[in-house]
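Asker: First the structure, then my questions, so here it is.
The values are calculated or read from the model by the stated rules, or taken from the named source; none is laboratory data. Nothing here was measured: the structure is a model prediction, and the numbers come from that model. All Cβ positions, even for glycine, are placed from backbone atoms using ideal geometry, and neighbour counts span all protein chains on display. Accessible surface is based on the protein model in full, side chains and every heavy atom, while ligands, DNA and RNA are left aside. Shrake-Rupley method; radii C 1.70, N 1.55, O 1.52, S 1.80 Å.
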Amino acid sequence: MISGDRPTHLLSLVSLAGILALLSFALWPVFLTSLGREWGLSNTDIGLVSGAYFFGYLLATPILVGLTDRIDAKLIFLGGCAFGAVGCLGFAQLAHDFWSAASCWALVGAGLAGTYMPGLQILNARLDDAARVRSVPWYTACFGIGTGSSFGLMGVLLAYADWRLAAYLGAGGAMLGAMLVLFLVQPRPVAPLPATKTKRHPLDLRPAFRKPVALGYILAYGTHTYELFAFRTWSFALLVFLASRADGSMGIGAVTTIVSLITVTGMLASLLGARLCLAFGRHRVIALIGGATALVSVIVAFSLDGPVWIAVAGLWIYNGFIMLDSGALTTGTVEAGDAYDRGALLAVHSMIGFGGGALGAPVVGYVLDQAGGASMMGAWFYALLAMGAGSAIVFAVQRHFWRRIG
């Protein structure tokens with residue numbers, strides 16, 4: 001079994017398990033257009049189903065992530081895989097309208113709550129401080145590999161199979177990820193509580209609110225995730241819309257490949273952002289990234305009505321800017337915590353972060369409906385501006401700490 005004695009092996013294994021658990025991530029974003037028509041859903045309804053994923057994550061996080069301060073995160077990861085597998089199986093068997101789809105999709109989101117941050121806690125409990133700081137950006141960047149791989153697989157299934165097979169494969173990925181962690185990760189008891197600290201309830205998340213610097217990263221992560229998952233949800237539909245204007249030069253296969261590559265290459269941007277933070281200061285770099293990303297969203301919104309290749313390139317660049325501060329924000333929260341309360345900090349980090357994610361897709365769906373629908377170029381212009389507002393808030397929050405702390 002693998003332990004922290006070989007940090008790179010442990011990081012690779014846990015990251016691979018997390019990628020497999022994410023296999024279902026793009027099921028709804030890829031199939032939302034066809035299923036929305038089939039089930040008679042509005043763009044707002046479609047966005048709310050997307051938001052249900054993050055709502056499930058939000059409800060499960062305080063329990064599943066908070067408990068990692070009390071029990072081995074390996075056990076929580078296994079439970080998260082079980083939630084995800086059951087949600088995918090339910091989606092394949094039961095989903096037929098708004099409520100059934102939203103309910104099953106929320107359960108899949110709860111599964112992510114039991115795998116993403118608990119996977120990070122598996123690493124935190126088994127690595128020393130230096131290895132931990134090096135590993136966090138790589139682990140969070142692998143989220144991009146997982147989501148990109150999911151977009152690639154789901155796009156192929158959209159073209160050649162159906163959404164039920166996609167849901168079954170998502171369940172299989174979660175179960176395979178669980179098997180890797182169950183049989184290959186060595187158990188590890190949680191760190192003992194210092195003698196000067198009183199024992200707290202695992203759902204007591206107040207430590208996060210007693211650390212202003214951590215809270216600053218957490219609040220910025222919330223608006224970052226609002227933007228990131230709004231983009232993740234609607235980018236496939238936007239590229240399909242752009243492809244429809246390309247006189248047949250872009251088919252569904254090209255769209256699938258583009259979305260997958262956009263998502264996977266975001267990993268490189270996340271790693272670059274983490275390096276910049278180490279070199280020039282975390283608050284300063286994140287603030288500048290937030291301001292630049294908001295500006296890029298405006299530029300890309302204006303580029304949509306031009307040649308399709310320029311619009312696609314702009315969306316690719318925009319995703320890269322969104323991802324620049326992804327790992328840096330999570331690393332900031334990890335660094336601000338201690339071994340005995342890091343689970344509480346990461347629970348709040350996830351709750352507020354994915355609470356923002358729950359809002360992103362419905363807000364953009366509402367904007368699309370109010371601006372004329374997803375078949376209107378002007379509606380997509382305003383949708384991108386709504387996404388970019390998230391980075392504008394990241395800039396404001398981190399600029400405050402940059403000026404206050406340096």
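Asker: Select, from 364, 298, 285, the only residue that is among the aliphatic types (A, V, I, L, M), over 14 Å from residue 227 (Cβ atoms) and in contact (Cβ under 8 Å) with a residue 12 or more places away in the chain.
Answerer: Among 364, 298, 285, only 285 is among the aliphatic types (A, V, I, L, M), over 14 Å from residue 227 (Cβ atoms) and in contact (Cβ under 8 Å) with a residue 12 or more places away in the chain.
Asker: Out of all the residues in region 369-406, which are under 30 Å from residue 218 (Cβ atoms) and not in a helix (DSSP H, G or I)? Steps first, please.
Answerer: As a first pass, look at region 369-406 and keep what is under 30 Å from residue 218 (Cβ atoms): 382-406.
Within region 369-406, just 406 meets the criteria.
Asker: Please return the ranges of helices (runs of 4 or more DSSP H) entirely within region 1-90 where 1 or more residues are over 20 Å from residue 240 (Cβ atoms).
Answerer: Hits in region 1-90: 7-21, 43-64.
Asker: Here's something else I'd like to know. Being among the aromatic types (Phe, Trp, Tyr) and under 23 Å from residue 180 (Cα atoms) narrows it down to one residue among 31, 55, 25, 91; which is it?
Answerer: Among 31, 55, 25, 91, only 25 is among the aromatic types (Phe, Trp, Tyr) and under 23 Å from residue 180 (Cα atoms).
Asker: So, in region 290-325, of the ones that are among the hydrophobic types (A, V, I, L, M, F, W, C) and in contact with a Phe, Trp or Tyr (Cβ under 7 Å, 6 or more places away or on another chain), which residue ends up farthest from residue 242 (Cα to Cα)? Full working, then the answer.
Answerer: To start, the set of residues in region 290-325 that are among the hydrophobic types (A, V, I, L, M, F, W, C) comprises 292, 294-296, 298-302, 304, 308-313, 315-317, 321-324.
Okay, now just the ones that are also in contact with a Phe, Trp or Tyr (Cβ under 7 Å, 6 or more places away or on another chain), so 292, 294, 296, 300-301, 304, 322.
Values: 292: 25, 294: 22, 296: 19, 300: 13, 301: 13, 304: 8, 322: 21 Å.
Filtering first and then ranking leaves 292.
Asker: Need the failing condition index for residue 147 against (1) open to solvent by less than 20 Å² (accessible area, probe 1.4 Å); (2) under 23 Å from residue 36 (Cα atoms); (3) in contact with a Cys (Cβ under 8 Å, 6 or more places away or on another chain), just the number.
Answerer: Result: residue 147 passes all but (3).
Asker: Of the residues 285, 296, which is over 30 Å from residue 251 (Cβ atoms), of a type in the set (Val, Ile, Thr) and assigned to a helix (DSSP H, G or I)?
Answerer: Result of the check over 285, 296: 285.
Asker: Next question, about the same structure. Please verify whether residue 40 is over 19 Å from residue 177 (Cα atoms), buried (at least 19 other Cβ atoms within 10 Å of the Cβ) and not basic (Lys, Arg), treating the condition exactly as stated.
Answerer: no
Asker: Continuing with this model, one more query. Is it true that residue 285 is within 19 Å of residue 155 (Cα to Cα), buried (at least 17 other Cβ atoms within 10 Å of the Cβ) and of a type in the set (A, V, I, L, M)?
Answerer: On the way: within 19 Å of residue 155 (Cα to Cα): no; buried (at least 17 other Cβ atoms within 10 Å of the Cβ): yes; of a type in the set (A, V, I, L, M): yes.
Spelling it out, it is not the case that residue 285 is within 19 Å of residue 155 (Cα to Cα), buried (at least 17 other Cβ atoms within 10 Å of the Cβ) and of a type in the set (A, V, I, L, M).
Asker: Residue check: is residue 262 over 30 Å from residue 130 (Cβ atoms), part of a helix (DSSP H, G or I), open to solvent by 30 Å² or more (accessible area, probe 1.4 Å) and not charged (D, E, K, R)?
Answerer: no
Asker: Of the residues that make up region 379-391, is at least one under 18 Å from the mean Cα position of the chain (by Cα) and surrounded by fewer than 20 Cβ atoms within 10 Å (Cβ to Cβ)?
Answerer: Looking through region 379-391, at least one residue is under 18 Å from the mean Cα position of the chain (by Cα) and surrounded by fewer than 20 Cβ atoms within 10 Å (Cβ to Cβ).
Asker: While we're on this one: Please give the number of the condition residue 47 fails out of (1) modelled with pLDDT under 95; (2) out of contact with any helix residue (DSSP H, G or I) (no Cβ under 7 Å at 6 or more places or on another chain).
Answerer: (2) is the only condition that residue 47 fails.
Asker: Let me ask something else about it. Being open to solvent by less than 10 Å² (accessible area, probe 1.4 Å) and either at pLDDT 85 or above or of a type in the set (Val, Ile, Thr) (or both) is the filter here, so list the residues in region 57-67 that pass it.
Answerer: 57, 61, 65, listed by residue number.
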